[in-house]
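Values quoted throughout were computed directly from the atomic coordinates according to the rules given, and no laboratory measurement underlies them. The structure displayed is predicted, hence computed values, not measured ones. Note that we place each Cβ from the backbone using ideal geometry, even for glycine, and neighbour counts take in every protein chain shown.
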Amino acid sequence: MHELRQIKLLGSGVESAYGVRLIPLKKDDLDGLFQVASDPEIWVQHPDSLRYTSEVFNPFFYGAFGDNMEACLVIHEMSGEIMGSSRYYRIDPVSDTAFIGYTFLARKWWGGYWNSCLKLIMLDLAFQKLKSVYFEAAASNLRSVSALRKLGAEEISHPVEGKALFQISNLSWPDIRAGLNARIAQ
């Protein structure tokens, strides 16, 4: 019987670039991350618009420790402030694919630069080991859908109604990476 190989995208260390640091999420990060997530405005366009409450956030947070998933805390390198969080999920070692999502940043970090930095770091890590990365967003979450289109991810069909699915392959990654680097340099 063959053992299924594991893919670790974050590893056990800290990834740092462009003023952003990614640290593997730990269960004792709950309070600090909830301070960021407790802003109702973050979740206005999200299908789970009550995620700013502890009753809804806590299950979301603990869900980050499931199988085929790696979550990270996003830290502002200069200040040490928690910016938000993101995850790799549905990590598939057979097809060498994963999804990136469950991402949120505090509103002060919204906008092109910080989101581009986070995507660049996560995608750089992913494409060291994967062939494709997927993103999904609720079709009603116009902020996320717009950001994925602007990124240059290919919009593909999705079997679940109400969701938009996007893909970046290792073939399209160099052009998308160049675009992210150009945005960061501005």
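Side notes on the structure shown:
- For the peptides 72-84, 114-126, the ranking by packing is 114-126, 72-84, with the highest mean count of neighbouring Cβ atoms within 10 Å listed first.
- Full extension of the segment from D124 to E161, taken as 0.36 nm per residue of separation minus the current Cα-Cα distance, would add 10.3 nm.
- FRET efficiency for S79 and Q186, using Cβ-Cβ distance with R0 set to 22 Å, rounded to 0.05: 0.50
- Amide H contacts of L25 (H built 1.01 Å from N, under 5 Å, at least 5 apart or other chain): A71, C72, L73
- Distance from the Cα centroid of the stretch 19-67 to that of the stretch 111-151 is 18 Å (rounded to whole angstrom).
- Computed from the Cβ-Cβ distance with R0 of 25 Å, the FRET efficiency linking N58 to K26 stands at 0.95.
- N68-S95 pseudo-label distance in nm [points 7 Å out on the Cα-to-Cβ vector]: 0.9 nm
- Stokes-Einstein diffusion coefficient of the stretch 15-185, Kirkwood radius over Cα pairs, 4 °C, 1.567 mPa s, in µm²/s: 79 µm²/s
- Partner lysines whose Cα lies under 16 Å from the Cα of K8, excluding those fewer than 8 positions away in the same chain, are identified as K26, K129, K131.
- Likely footprinting exposure, R51, R90, fewest C-beta neighbours within 10 Å first: R90, R51
- Choice from Y113, Y89, Y134 showing the highest fluctuation, given a GNM over the chain with Cα pairs closer than 10 Å: Y113
- Given R0 = 22 Å, the distance between the Cβ atoms of N170 and S146 translates into a calculated FRET efficiency of 0.35.
- Computed 3J(HN,Hα) for the stretch 17-23, one whole-Hz value per residue from the Karplus formula 6.51 cos²θ - 1.76 cosθ + 1.60 where θ = phi - 60°, is 5, 6, x, 10, 10, 9, 10, glycine and proline marked x.
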